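> Please see the structure below; I have some questions.
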Amino acid sequence: MASPKHFLTLLDFSPAELSALLLRAIDMKRAHRANEDQRAFGGKVLGMIFEKSSTRTRVSFEAGMVQLGGHAMFLSPNDTQLGRGEPVEDSARVISSMVDIVMIRTFGHDIIKRFAANSSVPVINALTDDYHPCQLLADMQTWLEQRGPMAGKRVAWIGDGNNMCHSYINAARQFDFQLVISCPKGFEPKAELLAENRDRVHIERDPMVAAAGTDLVVTDVWASMGQEEEQRERMQHFANYQVNEALMARANSDALYMHCLPAHRGEEISHELMDADDTVIWEEAENRLHAQKALIEALLHASS
Ligand code: CP
Ligand code: NVA
């Protein structure tokens, strides 16, 4: 059997496939709001493996699969044999023999790679320590809806060089934009990712300089899941890296700001920006639903 198509990073889809997927997501959003029947995948089952907490990812995948006519099954290490040491490879063989598509949120990116290598059905990365590509689909959909194509734009990433930052680097390549990353020393994204994308991505330590002339400003929490014990220390390193009105005043006058959520108001983003009437952050969160429905459809079609 040919190996199934997976979505472990944005690089698993070509730029053309990503553009088509976003247009499909926008149409599925319209159809959903118009109450159209989207149940094209009756009897299909999505296995959802969560080794970390989630609100948006869980709700969007589960609701999305039901809206597509299928069923979603929540699996946590607390009550599966994964939590008792059954090898990822064995779990992948067994789970994928019973469901049609799998979504995984876990720690090491190698875990999802090992699962995918042993899975007979498509595997979706729903966040690892290294990447969060589903969030980028929602962010890029939001940009497309609000402002049109992303090509040629300037984006500032303000904060930690984390999984979201890594996915923004991949997005800069796939959606053809310039990315400036502003992070404190010692919190840079992976050096090899930076090296591979030197033509599109650079580091600027001063966030006010980084934001100047940008079209989109993006941030995320200073301590990600799994780094809770570093929270206090990180707050000191990141104190100057808040996205707020003063920083947005440096960006272009029609610039947007995004945050994958959950947010820490008063840390990486100000109360004023989070609670602004015209923020697109809530639309960005909702778009997880629509973008992932388009993703599930694309992966199931590619594997049928
Ligand atoms: N943005 C995001 O992935 O949110 P959750 O952690 O709530 O799923
Ligand atoms: N960087 C964050 C993203 C949460 C959606 C984390 O990994 O916790």
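> Summing Lys, Arg as +1 and Asp, Glu as -1, what charge do residues with Cβ under 14 Å from the Cβ of Cys183 carry, Cys183 excluded?
Every neighbour counted, the sum reads -2.
> State which entries of Lys113/Lys293; Lys5/Lys52; Lys185/Lys293; Lys29/Lys113; Lys29/Lys190; Lys113/Lys190 exceed 27 angstrom in Cα-Cα distance in the structure shown.
Listed pairs above 27 Å: Lys185/Lys293; Lys29/Lys113; Lys29/Lys190.
> Taking the Cα centre of the range 1-153 as origin, work out the dipole magnitude from +1 charges on Lys and Arg Cβ and -1 charges on Asp and Glu Cβ, in debye rounded to 20.
360
> Another question, if that's okay. Pulled fully out, how much extra length does the chain show between Ser3 and Asn252, if you take 0.36 nm times their separation in residues and subtract their Cα-Cα distance?
Between Ser3 and Asn252, full extension yields an extra 85.2 nm.
> Another question, then. Roughly how far apart, in whole Å, are the Cα centres of the range 206-256 and the range 108-152?
Measuring centre to centre over Cα atoms gives 22 Å.
> Just reorder Arg147, Arg200 by solvent-accessible area, largest first, 1.4 Å probe, all chains present.
In descending accessible area the options line up as Arg147, Arg200.
> Under a 1.4 angstrom probe, counting protein chains only, how are Phe7, Phe187, Phe107 ranked by accessible area, largest first?
Ranked from most to least accessible, the order is Phe107, Phe187, Phe7.
> Would you work out which of Thr80, Met150, Ala126 lies farthest towards the positive end of the dipole of the range 43-151, given +1 charges on the beta-carbon of Lys and Arg and -1 on that of Asp and Glu, about the Cα centre?
Met150
> If a/c stays under 1.5 just call it rounded; otherwise compare a/b with b/c (prolate if a/b is bigger, oblate if not). Do that for the range 160-299, with a ≥ b ≥ c from the square roots of the Cα gyration tensor eigenvalues.
Here the range 160-299 falls in the rounded category.
> Next up: Residue separation times 0.36 nm, minus the C-alpha to C-alpha distance between Ile203 and Ala191: what's the value?
The Ile203-Ala191 span can extend by a further 3.2 nm.
> I need the phi-derived Karplus couplings for the range 228-242: 6.51 cos²θ - 1.76 cosθ + 1.60, θ = phi - 60°, integer Hz, Gly and Pro marked x.
4, 6, 8, 3, 4, 5, 5, 4, 6, 5, 9, 3, 8, 10, 9
> With the crude spin-label approximation of a point 7 Å out along Cα→Cβ, what separation in nm comes out for Leu11 versus Arg84?
3.8
> Now, a different point. With all protein chains present, calculate the accessible area of Glu86 using a 1.4 Å probe and round the result to the nearest 10 Å².
For Glu86, the solvent-accessible surface is approximately 70 Å².
> For Leu193, what charge total do you get from the other residues with a beta carbon under 12 Å from its beta carbon, if Lys and Arg give +1 and Asp and Glu give -1?
Surrounding charge for Leu193 is 0.
> Another question, if that's okay. Quick one, could you list the DSSP H helices from the chain stretching 15 Å or more along their long axis (Cα atoms) with average Kyte-Doolittle hydropathy of 1.6 or above?
Helix filter hits for the chain: none.
> Counting only protein chains, not ligands or nucleic acids, how are Val99, Val209 ordered by accessible area (probe 1.4 Å), most first?
Val209, Val99
> Under 10 Å, Cα contacts only: if you run a Gaussian network model on the chain, which one of Ala211, Ala285, Ala16 comes out with the highest mean-square fluctuation?
Per the Cα network of the chain with a 10 Å cutoff, Ala16 tops the list.
> Which percent of the accessible heavy-atom area of the range 105-175 goes to carbon and sulfur, probe 1.4 angstrom?
Result for the range 105-175: 47 percent of the exposed heavy-atom area is carbon or sulfur.
> So, by mean Cβ neighbours within 10 angstrom, what's the order for 54-66, 162-174, 270-282 with the highest one leading?
Highest-to-lowest ranking by the protection proxy: 162-174, 54-66, 270-282.
> While we're on this one: In debye, nearest 20, what is the charge dipole magnitude of the range 205-273 about its Cα centre with +1 on Lys and Arg Cβ and -1 on Asp and Glu Cβ, if you could check?
Once rounded to the nearest 20, the dipole reads 140 debye.
> Same structure, new question: Over the range 80-123, what relative contact order in percent results from Cα pairs under 8 Å that are six or more residues apart?
Worked out over the range 80-123, it gives 46 percent.
> Another question about this same structure. With springs connecting C-alpha atoms under 10 Å apart, model the chain as a Gaussian network and identify which of Glu51, Glu228, Glu204 has the largest mean-square fluctuation.
Glu228
> At a Förster distance of 41 Å, what's the computed FRET efficiency of Ala20 paired with Gln236, Cβ-Cβ distance as r, to 0.05?
0.40
> Another question about this same structure. Rolling a 1.4 Å sphere over the protein heavy atoms, what is the accessible area per residue of the chain, to the nearest Å²?
43
> Here is a follow-up. Take the Cβ-Cβ distance between Glu245 and Ala31 as r, set R0 to 41 Å, and report the resulting FRET efficiency rounded to the nearest 0.05.
0.65
> With viscosity set to 0.890 mPa s at 25 °C, what whole-number translational diffusion coefficient in µm²/s follows for the chain from Stokes-Einstein and a Kirkwood radius over Cα pairs?
It comes out at roughly 125 µm²/s.
The values are calculated or read from the model by the stated rules, or taken from the named source; none is laboratory data. The model shown is predicted, which means the values in this text are computed figures rather than measured ones. All Cβ positions, even for glycine, are placed from backbone atoms using ideal geometry, and neighbour counts span all protein chains on display. Side chains included, ligands, DNA and RNA excluded: accessible areas come from the protein's heavy atoms. Shrake-Rupley method; radii C 1.70, N 1.55, O 1.52, S 1.80 Å.
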